[in-house]
Amino acid sequence: MAMLQFVKMQGAGNDFIMIDNRDERFSKQDKSSLAANLCRRAIAVGADGMIFLESDPELPACWDFYNSDGSEAEMCGNGARCFTLFARDLGIIEKEFSFRTRAGIIRAEVTGDGRARVGLTSVPSLNKIMDLDFAGTSEDVYFINTGVPHVVLPVVNIEAIDVKRLGAAVRYHEEFSPAGTNVNFVMRSGAGIEIRTYERGVESETLACGTGSVAGAIVAGVEYGIVSPIAVQTRSGEILNVSFAQAVSGYTDIELEGPAKKVYSGEVML
């Protein structure tokens, strides 16, 4: 029976199965099926997503990213940091490089032992939606696309939030159909923020979300007047550092920096 070699990595608690697919062993259909099966917790490897590193005609590498349910995703900030260290460990890069995603070309850099920084695509707009009705309540929310769509809700007590129930209600709200959205709850904490995220494709709360942390930080600048760079405390307890510049065209020079590390490598029977 064929064996698949993989590396398990995590960034701030967001975990991923990393596959070197430069030999094009797996087709798009194969990759979706692999992600849906191997990302299942308790009965398989278990992960929030699966990332395939592949060759690119113009850049050192490109990626193909799948959520744990087998759906494709354009971008993942924590996954991008893991991808950067994975590429370094494969000898593809030493410190800096750019790679291709569905959200565009991402620049990345290894910043230290077990840490990486990625520069994300610019955000053209931040929209405030007034009185969104969901789960028996009505709240003002922010909508922003940081590579993937995110709703951000400022809250007073982040520990009291039923993330799975409220997150699902907003994620499937007709306002954001048909693609749906990720949902973030943020609270000011000292000079930074705390965040909890319901991730589309995982369909539950995750320990961290990189693009969600960027979305939360940008909203924190508007809602709380916090100046970039902003420290974002994720559910895992890890801190992600988000920096950005506000321009007439939206938000530019967006960078996400934080921990990423290899958990283990292994083989699984296909």
Subject >> Only Lys, Arg (+1) and Asp, Glu (-1) charged, at Cβ; the range 115-223 dipole about Cα centre in debye >> reply: 500
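So which trypsin sites (Lys or Arg not before Pro) in the range 16-54 pass both tests, a DSSP loop state and at most 15 other Cβ atoms within 10 Å of the Cβ? Before the final figure, lay out the partial values.
Working: sites: Arg22, Arg25, Lys28, Lys31, Arg40, Arg41; in loops: Arg22, Arg25, Arg40, Arg41.
Sparse-neighbourhood loop trypsin sites (Lys or Arg not before Pro): Arg22, Arg25, Arg40, Arg41.
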**OP:** Quickly work out the Lys128-to-Asp69 label distance, labels modelled 7 Å from Cα along the C-beta direction, and quote it in nm with one decimal.
**Re:** 3.1
**OP:** Run the accessible area of the chain with a 1.4 Å probe and give the carbon-and-sulfur part as a rounded percent.
**Re:** 47
**OP:** Select from Ile144, Ile93, Ile19 the residue whose mean-square fluctuation is largest in a Gaussian network model of the chain (Cα-Cα springs shorter than 10 Å).
**Re:** Ile93
Subject >> Loop-resident sites, the range 64-106, for GluC sites (Glu not before Pro), counting at most 11 other Cβ within 10 Å (DSSP) >> reply: Glu94
**OP:** Once you have a ≥ b ≥ c as the square roots of the Cα gyration tensor eigenvalues for the range 75-140, tell me rounded if a/c is under 1.5, and otherwise prolate or oblate according to whether a/b is larger than b/c.
**Re:** prolate
**OP:** Have a look at Thr137, Gly79, Gly180 and report the one farthest towards the positive end of the charge dipole of the chain, computed about the Cα centre with Cβ charges (Lys/Arg +1, Asp/Glu -1).
**Re:** Gly79
**OP:** May I ask what percent, to the nearest 5, of DSSP beta bridges between residues of the range 152-260 are antiparallel?
**Re:** 80
Original post:
Calculated from DSSP H runs of 4 or more alone, at -39500 (n - 2.57) each and per residue, what is the 222 nm mean residue ellipticity of the chain, nearest 500?
Top reply: -5500 deg cm²/dmol
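Identify the trypsin sites (Lys or Arg not before Pro) of the range 43-142 meeting these criteria: DSSP loop state and at most 16 other C-beta atoms within 10 Å of the C-beta.
Lys95, Arg102
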**OP:** Give me the angle, in degrees from 0 to 90, between the Cα long axis of helix 77-89 and the longest principal axis of the Cα atoms of the chain, rounded to the nearest 10.
**Re:** 30
Subject >> Ratio of the Cα radius of gyration of the range 115-250 to 2.2 N^0.38 Å, where N counts its residues >> reply: 0.96
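With only Lys, Arg, Asp and Glu charged, each at its Cβ (+1 for the first two, -1 for the last two), find how big the charge dipole of the range 31-157 is about the Cα centre; round to the nearest 20 debye.
Dipole of the range 31-157, to the nearest 20 debye: 280 debye.
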Subject >> Beta bridges by DSSP in the range 1-96, antiparallel share as percent, to the nearest 5 >> reply: 70
Original post:
So who's got an amide H within less than 5 Å of the one on Arg115, skipping anything under 5 residues away but keeping other chains? H placed 1.01 Å off N, in plane.
Top reply: Ala260
**OP:** Provide, in order from the shortest bin, the percent of all Cα-Cα pairs of the chain in each 10 Å bin, continuing until the bin that contains the maximum pair distance.
**Re:** 7, 32, 36, 19, 5, 0
Original post:
Taking the DSSP beta bridges in the range 39-173 as the whole, what percent of them are antiparallel, to the nearest 5?
Top reply: 95
Original post:
Once a ≥ b ≥ c are taken as the square roots of the eigenvalues of the Cα gyration tensor of the range 176-257, is the result rounded (a/c under 1.5), prolate (a/b larger than b/c) or oblate (a/b not larger than b/c)?
Top reply: oblate
**OP:** Order these peptides, 219-229, 196-206, by their mean beta-carbon neighbour count within 10 angstrom, highest first.
**Re:** 196-206, 219-229
Subject >> Nearest 10 degrees, 0 to 90: helix 28-38 Cα axis against the chain principal axis >> reply: 80
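The values are calculated or read from the model by the stated rules, or taken from the named source; none is laboratory data. Computed from a predicted structure; not experimentally measured. Reconstructed Cβ throughout: ideal geometry from the backbone, glycine too, with neighbour counts over all protein chains shown. The accessibility values were calculated without ligands, DNA or RNA, using every heavy atom of the protein model including side chains. Shrake-Rupley method; radii C 1.70, N 1.55, O 1.52, S 1.80 Å.
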